[in-house]
1. Look at segment A:185-206 and say how many of its residues are facing chain C (nearest Cβ under 9 Å) and under 17 Å from residue C:90 (Cβ atoms).
2. Go over the candidates B:151, B:206, B:162 one by one and state the one that is surrounded by fewer than 21 Cβ atoms within 10 Å (Cβ to Cβ), under 15 Å from the mean Cα position of the chain (by Cα), at negative phi and within 14 Å of another protein chain (Cβ to nearest Cβ).
3. When segment C:182-208 is examined, which residues are found to be surrounded by 21 or more Cβ atoms within 10 Å (Cβ to Cβ), modelled with pLDDT under 90 and in a helix (DSSP H, G or I)?
4. Just the residues that are surrounded by 11 or more Cβ atoms within 10 Å (Cβ to Cβ) and outside any helix (DSSP H, G or I), please, taken from segment B:17-49.
5. Can you give me the ranges of the helices (runs of 4 or more DSSP H) entirely in segment A:8-127 with at least 2 residues that are under 30 Å from residue A:247 (Cα atoms) and more than 9 Å from chain B (Cβ to nearest Cβ)?
6. Which residues, taken from segment A:109-130, are buried (at least 21 other Cβ atoms within 10 Å of the Cβ) and modelled with pLDDT under 90?
7. Can you give me the ranges of the strands (runs of 3 or more DSSP E) entirely in segment C:13-111 with at least 3 residues that are surrounded by 21 or more Cβ atoms within 10 Å (Cβ to Cβ) and in contact with a strand residue (DSSP E or B) (Cβ under 7 Å, 6 or more places away or on another chain)?
8. Condition test on residue B:172, is it out of contact with any helix residue (DSSP H, G or I) (no Cβ under 6 Å at 6 or more places or on another chain) and surrounded by fewer than 14 Cβ atoms within 10 Å (Cβ to Cβ)?
C-alpha cells in the first residue's frame, strides 16, 4: 500500500462547494428570521409582554374552580355543535363528489376547462379556514346554525374533494378496462368499475372529515355561527373565566370522543 | 349441465357491513330520526336569508372585482404581520420541537421524560389555535406577538409528534451498529438518528409553514394580528370588495406556498 | 368469423406496435398468439375491441367493421366480444355474482345495473354459467376472497355472460401455477367447443399453446412471422418468432409440469 498518498488526508462529508451552498442557505434563513422578527415586533408593547406572567397567574386563578353548575346550560349548544358538524359534513361531501370526479384525470369530462375549474374550487375551499367562511356567511345570511353548517360544508369540499380525486386517480385501470370491454355505458363504467374501488376511501375520508369538523365547529360561535362557541364568546366577554374552564373541558371531551368514534368507524369500514 | 330453468331467477346482493337484518333496519331508522331532529333544530330566518342573497351577490361581485387599492395600507400591514409571524413562529416552533420530539421517542429517553414530552404534545394538539390565541391575547395584549406565540405552540404539537413517531420507527439496526462502536448518546443522535429523520424534518417544516400561514389568517379574528384582522374589519364594514381582495391574496399565497414547498421538498431530497 | 385486414397501430411516441396484420379466424377455431414480449400481442387483441384504437386497417366481425364505429355503436358491438384478462381484472370489491352480471351491462339500462335488478333470464344464465365453471357456491363471496384459479373462472363466466360471438383472451394463465393453468386452458377449450366459439388466446407459454391450440400465429415486432398448426412449430419456426433462445430449458420445465399433472390426476381417480 505504497500509493496511499493519492488519497486526500482530510475526509469530508460533502464537497466544499456543497458545504458553502448549505452554509449560505442557513445564513440566509437566520438573516430572514432576524429581519422578520424586527418587522413583526415593531409595534409590540413590551410592557404587556413583561406583564404576561402576572396576567397568566391572574387568569389561571380565576379559572379554578370550574363552575360546574354551568354545565346543563351547555347541552343545547353542544347538540347544535354536533349538528353543525354532521349536517355540514353531509353537505360538503355531497358537493365534493362531483368536484372530485371533475378533478380526477381519468374521469374528468374536460381536461381544459372543467378540470382546472374543479382544482380551483378545491384550492379555494382549502385555503380559507371554516372560521373565515363563517365570518362571511354570518355577514351574508345572518347569525345562526345555518351559517355554521354552510361554512363547514364549504370548507369540507376542498378536503374531501382533494383526497377523493387522488383516490379516483389511483384506481386499478385494468378493472375499469374490463368493464369497458363488456360494452358498458359511461355511467355503468363509473358505477361498476370506479365506485366500488373508491368506496372504502370515500367513507374513510368522510368520517375523518367529520371528526375534524366537530373540532372546528366548536369555535364557529365566536363569530356568531351557532353552537358552543357562542357560550365561549359570551363567557369571555363577561370575563367569566370559571365558565370558560367548563366550556373548554367539555370541548376537549367532545373532541376526544369524536376522535375515538371516527377511529372505530374507520376500522369497521376497512 | 342441467337446463336453464332449474336455476334461481332472483339474486340479492348480500349486505356487506351490517349483516343482521334487524340491526340494519334499526340503524336506518336511527339515522333517519337523527337527521329529522338535527334538521329541525336549524331555525332558519328565511326573510333574513332572502335579504342576505343581495349581500351575497355583492360579495360575489367583490370577489370578481376585488378592490386592492382603497385599503391597501391596511392590507399590506396585515400581510406583513401574517408573513413575518408565519416565518418566525415556524422557525422557533421547529427549534423547540426537536428536543421535545426526541424526548417523546420511547426508544431514546427514560420513561419520565417521555411522559412529560408526550403531555406537551397532547395539550398542543388538543387545543385549537383560535382558543390558544384567545388566552395569549389576554395575557400578552393584542397584536402579532400573541399570534407568533400561538403558532409556535401549535407548531410544537404538530412537528414534535410526527418527529417522535418517525424516530420510533427508524431502522433499529442502524442505531444498534452505531451503539456497538461505543458511541455516546449525543453521538448516537448525531450519527444514527439525524441522517434518517433530517429530510423528513425539513419536509414537515415546509408543510407546517404552509399551515401556519393559513392559520395566521384566522387568529387575527380574535385579535392576534395578521391579515385575519384586516379581513375581519373589512367584513364588519361591509366592504366586500376589499374582503374579496384579501381572500384572493390568501388563496394566491397558499397556492404559491403549496407549489414551491412541494418543489423545494423534491429539490432537497 | 373474424377478419383482420391490414391492421396497424402506431403509438403517439412513434413506436410501431402492429404493422399490416391480416388474419382470418373462422367459427369455432381457437387461435394462439405467441411472440416475445413487446411483439404487439396485447395491442393486437385490444385493437379488436378497440380498447386500443388502431391507426389503420379493418376489423371485420361478421360484416361489421369495428374499426370504423362511432362511440354508441362501438358499445353495442363490444357486447359481441367477450374478453378475459391476464390478472383476472375482476372488480375486486364486488361479489362474484355482480362480476358475472357485469357481463350483461351492455344489454341492460343504467337503472337496472345500478339497483342490481337484472332481468330474471340474466340471473338464471349467470347461475348456469357459475355452475358450469364450478363456482355455484361462491356466488355471494367477494371477488377478492377467491384464489387465482377461481378468479379466472369468474372472469370466464363474465365473458360468457355477454353471449359473445368471439372470445379475446389475454394471457389467461400468466399469474397461475402450472396445474391451475392447465385446468383453466382445458375449461376454455371445452367451452369454445361447446359453443362453437372462435377465440384468440394471447399466450407466452409455448408448450401450453402447442397442447391446447388448434392454430398458432407468431408475432415479432408487430408482424405475423408464423401461421400454422401447432405441429408445424419447429425449432426453426420458434427461432424466427423469438430469435435465438434456449428452448430446451422450457421443454424440460414442461415435462415436470406434465408429470405433476399426471400425478394429480392419478390421485383424483383414487379418491373417486
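The values are calculated or read from the model by the stated rules, or taken from the named source; none is laboratory data. Source: prediction; values computed, not measured. Cβ coordinates were reconstructed from backbone atoms using ideal geometry, including for glycine residues, and neighbour counts include every protein chain displayed.
1. Going through segment A:185-206 one residue at a time, the tally reaches 9.
2. Values: B:151 fails: surrounded by fewer than 21 Cβ atoms within 10 Å (Cβ to Cβ); B:162 fails: within 14 Å of another protein chain (Cβ to nearest Cβ).
On inspection, the qualifying residue turns out to be B:206.
3. If the condition is that a residue be surrounded by 21 or more Cβ atoms within 10 Å (Cβ to Cβ), modelled with pLDDT under 90 and in a helix (DSSP H, G or I), then C:206, C:208 are the ones that fit.
4. If the condition is that a residue be surrounded by 11 or more Cβ atoms within 10 Å (Cβ to Cβ) and outside any helix (DSSP H, G or I), then B:18, B:42, B:44, B:45 are the ones that fit.
5. Working: elements: A:16-40, A:46-63, A:75-103, A:114-127.
Counting at least 2 such residues, we get A:46-63, A:75-103.
6. Residues satisfying the conditions are A:127, A:128, A:129, A:130.
7. Numbers: elements: C:16-25, C:30-34, C:56-61, C:81-84.
Fully inside segment C:13-111 and qualifying: C:16-25, C:30-34, C:81-84.
8. Spelling it out, residue B:172 is indeed out of contact with any helix residue (DSSP H, G or I) (no Cβ under 6 Å at 6 or more places or on another chain) and surrounded by fewer than 14 Cβ atoms within 10 Å (Cβ to Cβ).
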